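The structure appears below as structure tokens.
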Amino acid sequence: MNLYFELNEIQSIFKDIYLLTGHQCAIFDPDFNNLLRYPAQPNAFCQHIKSTEIGKAKCDACDRHGFEQAKSTGSLCVYQCHAGLIEVCVPIKSGRRGDEILGYVMLGHLLDDQTSLGSQWNTVYENCRHYIADMSALNHQFFQLIPTSRAGVGALCHILQICIEHLLLQKLIQRNRDDLWQRAQTYIEENLREKLLLEDIAKSLSVSVSTLNRCAEKNVKMAIGKYILQKRIVLACKFLKDPKHTIAEIATNCGIPDYNYFSRVFKMKTGMTPREYRRVYLETGVVPLVEDPETPRVQVP
């Protein structure tokens, strides 16, 4: 199945959920491959368990159980992981009858605040003591987890379902997006700080420059060269928020090592020089708007 996931926007949503709840979210494709999680690393408790071969195998098996259950029922699955924590897996469904699964969102590592923490720790201890050497460290990490009421788990499930509906409505997850454009985006993102020649991009994707340009026009309504320049300006705006970077360094890191040319095109695209842009942000804390070719009319994060 040819699918497209707008991971930057999805990460922003997961970050908001984490800031509000303290719980990690992850998104997986239909084949159960992890595409993104926020925070990027599991909490210390889960990292400790996954640091062992047995623990990792047990965690992977629990995740697969959640996926398989959500896939077979077509609805969210709330279950207990092998260590004893609560996890949630929600299918991302589309299609005319809502019966096509595009992926899964998983939220995990929850404690039940209606069961004593001591009782829950005893369950964890019995389940993990056979393969975890340092149970005292695991004990400390366990008590850093956030207890959640059963009503709270239900609310989190509801929030996840609303988020999934938003992702689908805004086409942040969709099928049959042009695979060539997705590969072009990936190549450009990975090489944005380097000199990007259209011929080299086209060659790496095994297409002609004209095909590459037609693909860009179809997907973002602009030529590929203009798209690359716009992405560089968006990247520069992010760097300018941090005063430790000189503007000359930022120009180089954005693939435009000519300082004067960088300043010229930056002002052409934003209406202000890089110095003015930085000053506005540092004085007001407000990020001036700049158009991202992928997500127009949004603030640069």
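Quick note: the coordinates plus some simple rules give every number you see, no bench work behind them. On a predicted model such as this, the values are computed, not experimentally measured, just so you know. Cβ coordinates were reconstructed from backbone atoms using ideal geometry, including for glycine residues, and neighbour counts include every protein chain displayed.
Computed extension length for THR252-SER119: 42.2 nm, one decimal, from 0.36 nm per residue of separation with the Cα-Cα distance subtracted. Around the Cα centre of the chain, unit charges on the Cβ atoms of Lys, Arg, Asp and Glu (plus for the first two, minus for the last two) sum to a dipole of about 920 debye. Using all pairs of distinct alpha-carbon atoms, the Kirkwood hydrodynamic radius of the chain works out to 22.0 angstrom.
With the dipole of the chain worked out from charges on the C-beta (+1 for Lys and Arg, -1 for Asp and Glu) around the Cα centre, which of GLN47, MET135, TYR4 lies farthest toward the positive end? Selected residue: TYR4. Placing unit charges on each Cβ (+1 for Lys and Arg, -1 for Asp and Glu) gives the stretch 179-284 a dipole about its Cα centre, and among GLN185, SER208, VAL265 the Cα reaching farthest toward its positive end belongs to VAL265.
Stretched out straight at 0.36 nm per residue, the stretch from HIS65 to LYS171 would grow longer than its current Cα-Cα span by 35.4 nm.
With the cut-off at 20 Å, report for the stretch 20-82 the share of all Cα pairs above it, as a whole percent. Of the Cα pairs, 30 percent sit more than 20 Å apart. Using the average count of surrounding beta-carbon atoms within 10 Å as a protection proxy, the listed peptides 67-79, 198-210 rank, highest first, as 67-79, 198-210. If R0 equals 30 Å, the separation of the Cβ atoms of SER72 and GLU190 corresponds to a calculated FRET efficiency of about 0.20.
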